Amino acid sequence: MPRKSRSLTDGGYYHIITRGNDRKTIFKDSEDYFRFLEILKRYLEKFQILIFNYCLMPNHIHMLLQAIKGAELPKYMQGVLQVYAHCFRKKYDSVGFVFQNRYKSLYIDKESYLIECARYIERNPLRAKIVRNLREYPWSSFSYYIKGKDNGVIRRDNPFYMSLASTEVGRQRRFIELVLEERLYEQIIDDFFRI
């Protein structure tokens, strides 16, 4: 049975999720995380994609992005994932699939969901109990929003982030409050995505 084609919209916002094949680890050390971030940046130069939030977990990835040209999203993701998979197989002398199936791309049709999606993405290390304080997790966009720590992946703020307060300090404070607030639906979403 052929795959259902993705519905792509110019200027559309998407929650991207992909995970390791059979839920296996795709980032084994800090060099792997750095390599993936470098690949993300390299492909941002080639395609009209804006990443607003991301979180790299040991066995899966979340990104909130905007495809300025919708048709470029699959090309961007294909390039990023293929290059990283090649590097991973070469480094660990492995064969077969690194990523399980194709990535999920959930279209976000309401701007109000942009901040909910962002908070869900940023909370991943807390929910997985990898860290007790999100400030300690270096592989997400959390430090970009709360400290202005730029690594070149985020080139424009999440549009809804700008509406949180009139000053940068106010936005940072409000973003921290939103992200740290637990929501009952989070486990349901994790179960749905089988993360």
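None of the figures in this text is laboratory data; all of them are computed from the coordinates on show. Quantities reported herein were computed from a predicted structural model and do not represent experimental measurements. No Cβ is skipped: glycine too gets one built from the backbone with ideal geometry, and neighbour counts run over all protein chains shown.
Size of segment 12-193: Rg and Dmax of its alpha carbons, in Å, are 15.8, 51. Along the axis of the charge dipole computed for segment 12-193 (Cβ charges of +1 for Lys and Arg, -1 for Asp and Glu, origin at the Cα centre), the listed residues 139, 108, 94 are led at the positive end by 94. Charge tally around residue 39: other residues with Cβ under 15 Å, Lys/Arg +1 each, Asp/Glu -1 each, net +4.
Among the trypsin sites (Lys or Arg not before Pro) within segment 1-80, those in coil by DSSP and having at most 10 neighbouring Cβ atoms inside 10 Å are 3, 4. For segment 92-106, putting each phi into the Karplus relation 6.51 cos²θ - 1.76 cosθ + 1.60 with θ = phi - 60° gives couplings of 9, 6, 10, 10, x, 7, 8, 9, 8, 6, 8, 5, 8, 10, 9 Hz, in residue order, rounded to whole numbers and with x for Gly and Pro.
Among the listed pairs 41/149; 75/149; 28/69, those whose Cα-Cα separation exceeds 23 Å are 75/149; 28/69. For segment 153-159, backbone phi angles converted through the Karplus equation (6.51, -1.76, 1.60; θ = phi - 60°) give residue-by-residue couplings of 7, 8, 10, 8, 5, 3, x Hz, Gly and Pro being listed as x. Computed from phi, the 3J(HN,Hα) profile of segment 162-175 under the Karplus parametrisation 6.51, -1.76, 1.60 (θ = phi - 60°) reads 5, 8, 5, 6, 8, 10, 4, 4, x, 5, 4, 4, 5, 5 Hz, with x in place of Gly and Pro.
Just rank 80, 169, 95, 179, fewest to most, by other beta-carbon atoms within 10 angstrom.
Working: 80 24, 169 9, 95 6, 179 20.
The order, fewest Cβ neighbours first, is 95, 169, 179, 80.
Of 62, 86, 15, which is the most mobile in a GNM of the chain whose springs link Cα atoms less than 10 angstrom apart? So, out of 62, 86, 15, the one fluctuating most is 86.
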